[in-house]
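Reading through the structure tokens given below for one structure.
All of the numbers you see were taken from the coordinates with simple rules; none came from a lab. Computed from a predicted structure; not experimentally measured. Virtual Cβ from ideal backbone geometry, glycine too; neighbours counted across all protein chains shown.
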Amino acid sequence: MKKIIRFYIDGFKGMTLGRTLWAIILIKLFILFFVLKLFFFPDFLKKNFNTDKERSMHVIENFTKTK
Amino acid sequence: MNEIVDLSLIDWSRGQFALTALYHWLFVPLTLGITFILAIMETIYYKTGNEEWKKITKFWMKVFGINFAIGVATGIILEFQFGTNWSYYSWFVGDIFGAPLAIEGIMAFFMESTFIAVMFFGWDKVSKRFHLVSTWLTAIGANLSALWILVANAWMQNPVGTKFNPDTARNEMVNFWDVFLSPLAVNKFLHTISSGFVLAGVFIIGISAWFILKKREVIFAKKSILVAAIFGFLSSLFLVTTGDGSARLVALKQPMKLAAMEGLYTGKNGVGLVAFGIFSPTRTDPENSKLKEFIFKIEIPNVLSYMIHQDANAFVPGVKDLINGNEKEKILSSADKISRGKMAIETLRNYKNSLTEGRKDEAMQLREKFMSADFQDNYFKYFGYGFITNSSELIPSIPLVFYSFHIMVILGTWFLIFFILSIYLVLKGELTRQRLFLRIAIFTVPLVYIAQMAGWTVAEVGRQPWVVQDLLPTMAAVSKINAGAVVVTFWLFALIFTILLIAEVKIMTTQIKIGPKDGGH
């Protein structure tokens, strides 16, 4: 186990271009999950209805509105 | 159906999904293909012990690393959109999408985090054999990640192995293997990954050609071209085979898409294949203004009938047969399908009403009727048509599908020729002298990306108006949210992806200019 951890630590320490790439990955993940997901992409059905039964009823209602 | 949601919301939601899916797909196919090319290059190094091959492998591994880092997680945005913009669709598809995506997430995480780390950090730290196995497993893992999302996409094009539950309004998987091994899923997976292999082959040849033109790293470039060209050539042959299989499945499951791909309006026996054609911007068919007439086309007689049915005189339906019906060929008219779809929706409505109003016996009878094999086969099968108000809504944008399909096929043919020429010139020792070919090779790199985009446009625009074939049209799948919010996030995505693309191109061109000098990662 120690050898595996050492392997990863040495690998990360020895990175050159990898540092830039990791920075891009982390910034990207931050924007995706802490900005976009939190503020712009709520789950529509989860946000507006409390139970799966309510969600089902809403979807059926929406589908069956059409004549 | 337009009373349910306004059209600008549908258009912006579709536009946003298309934008993010196409940007995401700029990164994916290179990863799918280059990992296998890396594995082949490293295998040669393992077998020969020639350090030049190690240098070659490490350089392309660096290119792969850049592409992987920039592209990773860009697909998650699509999942965000499912929950927000496409909530009715997400609910309707139930666990069909959830299960494959969960498997993909777990598989991608374990395979990629383990073996990519060994690939990059493990040189001279693990045995050569273990390193090589890790590189192969990264290639297999990356391609298996693509498998699950393509299985889900194939289900949308051909929903099988599931049953709709009228109590929950969700589709439930009744046979995993029917979903996983449906001919469309298998073919879509193979066709998509082989297109990624072709892209990677062209990409490596293009970059290597640049090195030769600059008179730098010539041996490295020639060796890279040889491996990429042979790999690309074999992948191209496979791509043609799976493409042929795709067309046959489309003819069977999505005949309207095939008619749009070929600009075929009136079906007949012995249909020719349109090799090339241009639509009139103004002249349309007198029966339907969505059907633009050809100004010019080159048609190879009987080939389409032969390709689809292995019979040069077989009947292939056109758009009008699919809209008006064709009794002789046993094709239902769209009006008939719409009325059956409306019947399915009405039965669901009556079932829901009788349940909520406490009429239990009636509800039970309606449920029994809804779930009966006869009702499923003759009415629920056309559930999505019940949302359609005008038959013309069933016709996708024919010029867009037609041109995209023909661009894809023409470019695909060029890539096959390109790989043959590359192999020939390397083996003949002529490559360094053929400066025009080397320039063409660089120019072919953007073309292979255009072919990828064209392919997805055929697959996704060609199936409109459906998000789930025959069961759920796009307009019924979209959430009732504020169109303004979708517009804002559309531009946010456009900005983020453009920044990522600029970063990719800038970092990659810098590293390519540095060349295969050191082993840093």
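Every helix of 4 or more DSSP H residues in the protein assembly as shown counts as -39500 (n - 2.57), and over all residues that averages to -23500 deg cm²/dmol at 222 nm. Dividing the radius of gyration of the alpha carbons in the stretch B:173-261 by their Kirkwood radius gives 1.20 for Rg/Rh. Among the listed pairs B:LYS54/B:LYS215; B:LYS188/B:LYS253; A:LYS28/B:LYS54; B:LYS292/B:LYS342, which are separated by more than 24 Å between their Cα atoms? Violating the 24 Å limit, Cα to Cα: A:LYS28/B:LYS54; B:LYS292/B:LYS342. Restricting everything to alpha-carbon atoms, can you work out Rg to Rh for the stretch B:28-181 with a Kirkwood hydrodynamic radius? Checking Rg against Rh, the ratio lands at 1.10. Of the cross-linked pairs A:LYS2/B:LYS62; B:LYS360/B:LYS480; B:LYS62/B:LYS517; A:LYS47/B:LYS369; B:LYS223/B:LYS513, those separated by over 22 Å at the C-alpha level are A:LYS2/B:LYS62; B:LYS360/B:LYS480; A:LYS47/B:LYS369. Can you bin the stretch B:262-324 into rounded, prolate or oblate? Criterion: square roots of the alpha carbon gyration tensor eigenvalues sorted a ≥ b ≥ c, rounded for a/c under 1.5, prolate for a/b above b/c, oblate for the rest. Oblate, since a/c reaches 1.5 and b/c is not below a/b.
Peptide B:66-72 shows a mean partner chain C-beta count of 4 within 10 Å per residue C-beta. The ranking of A:ARG19, B:ARG439, B:ARG340 from fewest to most other beta carbons within 10 Å of each one's beta carbon is A:ARG19, B:ARG439, B:ARG340.
Scanning chain B for DSSP H helices at least 27 Å long along the axis (C-alpha atoms) with a Kyte-Doolittle mean no lower than -1.0 picks out B:7-48, B:51-71, B:95-121, B:128-157, B:183-213, B:218-253, B:334-356, B:398-428, B:435-461, B:483-514. For chain B, the equivalent ellipsoid derived from the Cα gyration tensor has semi-axes of 44, 28, 20 Å, listed largest first. The fewest-to-most ranking of B:MET364, B:MET508 by surrounding Cβ atoms within 10 Å reads B:MET364, B:MET508. Across all Cα atoms of chain A, the radius of gyration (one decimal) and Dmax (whole number) stand at 22.4, 67 Å. Each Lys and Arg Cβ is given +1 and each Asp and Glu Cβ -1; about its Cα centre, the stretch B:372-456 then shows a dipole of about 720 debye. Per-residue shielding of B:487-498, expressed as the average number of other chain Cβ atoms within 10 Å of the residue Cβ, stands at 1. From the alpha carbon centroid of the stretch A:9-67 to that of the stretch B:418-440 is 47 Å. The fraction of Cα-Cα pairs per 10 angstrom bin, counted from 0 for the stretch B:236-362, comes to 11, 32, 27, 14, 10, 6, 1 percent, rounded to whole percents. Going from the residue with the fewest nearby Cβ atoms within 10 Å to the one with the most, B:ILE205, B:ILE77 rank B:ILE77, B:ILE205.
The alpha-carbon of A:LYS3 sits under 23 angstrom from the alpha-carbons of these lysines, leaving out residues fewer than 8 places away in its chain: A:LYS13, B:LYS125, B:LYS128.
Computed from Cα atoms alone, the Kirkwood hydrodynamic radius reported for the stretch B:155-200 is 12.0 Å. Remark: relative contact order (chain B) = 22 percent; criterion is Cα-Cα distance under 8 angstrom and separation of 6 or more residues. Give the residue from A:PHE12, A:ILE31, A:THR64 lying farthest towards the positive end of the charge dipole for the stretch A:2-64; charges sit on Cβ (+1 for Lys and Arg, -1 for Asp and Glu) and the dipole is referred to the Cα centre. About the Cα centre, the residue reaching furthest to the positive side is A:PHE12. A simple packing score, the average count of other Cβ atoms within 10 Å per residue, orders the peptides B:487-500, B:149-162 as B:149-162, B:487-500, with the highest score first. Only one residue of B:LEU471, B:TRP155, B:PHE92 has its Cα farthest out toward the positive end of the dipole of the protein assembly as shown, where Lys and Arg carry +1 and Asp and Glu -1 on Cβ, and that residue is B:TRP155.
Can you flag which of A:LYS53/B:LYS320; B:LYS297/B:LYS428; A:LYS37/B:LYS506 are past 31 Å Cα-Cα? Going by Cα-Cα distance, A:LYS53/B:LYS320; B:LYS297/B:LYS428 fall outside the 31 Å limit.
According to the calculation over all Cα-Cα pairs in the protein assembly as shown, the P(r) per 10 Å bin from zero is 3, 15, 25, 24, 18, 10, 4, 1, 0 %.
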